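Let me begin by presenting the structure, written as structure tokens, before commenting on it.
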Amino acid sequence: MEMHFSITARPEEVSFVPRRTAVMVIDMQNDFGSRGGMFDIAGIDIAPIERLVPRIARVLDAARRAGLVVVYTRQEHNPDLSDAGGEQSPHRIKHRRMNVGRGVTAPDGSKSSILVRDTWNTAIVSELAPKPGDVVVSKHRYSAFFETSLDSILRARHIDTLVFTGATTSICVESTVRDATFRDYRPVVLRDCTAEPIAADAPRSNHEASLLAIELLFGWTAESDDVIAALEKQRTAA
């Protein structure tokens with residue numbers, strides 16, 4: 001009999017089976033969360049994303065100790081942007097404004113390119129670097145399920161519950177959460193391990209709006225301390 005453990009969450013408590021649960025780290029890469037990356041160059045305040053790093057690190061430490069699968073995603077494109085859509089596709093048009101594909105010099109002095117695979121820009125921030133046994137999924141749209149092997153990877157491991165961390169809440173996190181729900185996974189988004197610069201200074205932020213939509217219709221939200229406590233309880237029981 002598999003043991004179920006509970007996470008305090010909104011709108012209600014969520015139970016999980018450790019071996020059927022994965023922690024998702026969405027796009028915690030240099031372009032979004034490091035000085036000299038795409039967001040920083042564009043003048044977007046990355047401080048909220050930077051603040052996620054130690055919180056996510058604590059969740060990952062607890063998850064690995066408990067034997068959970070850890071899955072990283074990276075949004076990245078071919079150097080020629082052949083996987084970014086046609087010239088009139090919304091994805092290419094919106095990203096053109098962010099200079100996707102433009103050559104830049106990384107903080108370490110190496111040659112790099114904005115949102116291009118196998119460069120400093122799309123590498124996971126060093127403090128959260130994947131460890132042996134972790135899964136890394138490359139994606140070229142906001143959702144980590146679109147034209148990737150993520151679904152087959154999760155199903156091969158009999159995963160049914162996904163704990164979400166990363167950035168940004170209303171774009172890549174929410175897009176992946178919605179697609180996870182449509183595939184009957186159970187998403188749990190960590191409120192204090194996700195961040196969104198869009199409308200951060202508005203009376204009600206996009207971050208809050210996304211969390212509300214997720215709580216109502218797409219899944220659940222929780223705090224990292226509650227998830228860590230549940231994982232420690234599971235590890236002790238094991």
Based on DSSP, what percent of beta bridges with both residues in the range 5-237 are antiparallel, to the nearest 5?
-> 25 percent
L217-D151 pseudo-label distance in nm [points 7 Å out on the Cα-to-Cβ vector] | 2.1 nm
For the range 5-237, what are the per-bin percents of Cα-Cα distances with bins 5 Å wide, up to the bin holding the maximum?
-> 1, 7, 15, 19, 20, 17, 11, 6, 3, 1, 0
Over all viewing directions the Cα convex hull of the range 121-238 casts an average projected area in nm² of 8.8 nm²
Based on the Cα gyration tensor of the range 16-75, what are the three equivalent ellipsoid semi-axes, each the root of five times an eigenvalue, rounded to whole Å and given largest first?
-> 28, 11, 7
Placing each pseudo-label 7 Å from Cα in the direction of the beta carbon, R58 and R183 end up separated by a distance in nanometres of 3.0 nm
Calculate how large, on average over all directions, the projected area of the Cα convex hull of the range 104-158 is; give the answer in nm² to one decimal.
-> 4.9 nm²
Could you tally the net charge around A229, taking each other residue with its Cβ under 12 Å from the Cβ of A229, Lys/Arg +1 and Asp/Glu -1?
-> -1
Which distance in Å, rounded to a whole number, links the C-alpha centroids of the range 164-196 and the range 8-63?
-> 10 Å
Cβ-based net charge around I49, under 15 Å, with every Lys or Arg adding one and every Asp or Glu removing one = -3
List the DSSP H helices in the chain whose Cα atoms stretch 18 Å or more along the helix axis and whose mean Kyte-Doolittle hydropathy is at least 0.0.
-> 52-65
Can you give the Rg to Rh ratio for the range 1-126, taking only C-alpha atoms and Rh from Kirkwood?
-> 1.08
Once Lys and Arg are counted +1 and Asp and Glu -1 for all other residues with Cβ under 10 Å from that of A209, the total becomes -2
When the helix-only estimate is applied to the chain (DSSP H runs of n ≥ 4, each -39,500 (n - 2.57), divided by the residue count), what is the mean residue ellipticity at 222 nm, nearest 500 deg cm²/dmol?
-> -8000 deg cm²/dmol
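A short reminder: the numbers here are calculations on the coordinates, not readings from a lab. If you're wondering where the values come from, they're calculated on a predicted model, not measured in any experiment. Heads up, the Cβs are rebuilt from the backbone with ideal geometry, glycines too, and the neighbour counts pull from every protein chain shown.
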